[in-house]
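**Q** Sending over a structure as structure tokens; questions will come in a sec.
The values are calculated or read from the model by the stated rules, or taken from the named source; none is laboratory data. Quick caveat, the model's predicted, so the values are computed rather than measured. Cβ placement follows ideal geometry from the backbone for every residue including glycine, while neighbour counts extend to all protein chains displayed.
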Amino acid sequence: MAVPKGKTSKARKHSRSANWKLSAPAMVECSHCHELKLNHRVCDNCGYYDGKQVVTVDTGAKKN
């Protein structure tokens with residue numbers, strides 16, 4: 001036989017939603033230029049990954 005659900009108290013409701021939190025992304029130092037970058041990704045600053053240059057990075061800004 002079915003049982004009524006009953007009222008969920010504010011404390012129970014809020015404590016359940018209190019565990020949804022964001023964590024900071026894991027940042028590591030680039031082995032080539034020593035800037036902080038995300039794990040397992042090409043460095044935005046120099047274009048190196050795993051000791052090899054895989055992307056050419058344009059350092060000059062466009063002037064209009």
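**Q** For the list (1) exposed (fewer than 10 other Cβ atoms within 10 Å of the Cβ); (2) at pLDDT 90 or above; (3) hydroxyl-bearing (Ser, Thr, Tyr), I need the number of the one condition that residue 15 fails.
**A** (1)
**Q** Considering (1) touching a residue at least 12 places away in the same chain (Cβ under 8 Å); (2) in a helix (DSSP H, G or I), say which one residue 44 fails and leave the rest.
**A** It fails just one condition, (2).
**Q** Just to be sure, is residue 57 in a loop (DSSP other than H, G, I, E, B), surrounded by 12 or more Cβ atoms within 10 Å (Cβ to Cβ) and modelled with pLDDT of 90 or more?
**A** no
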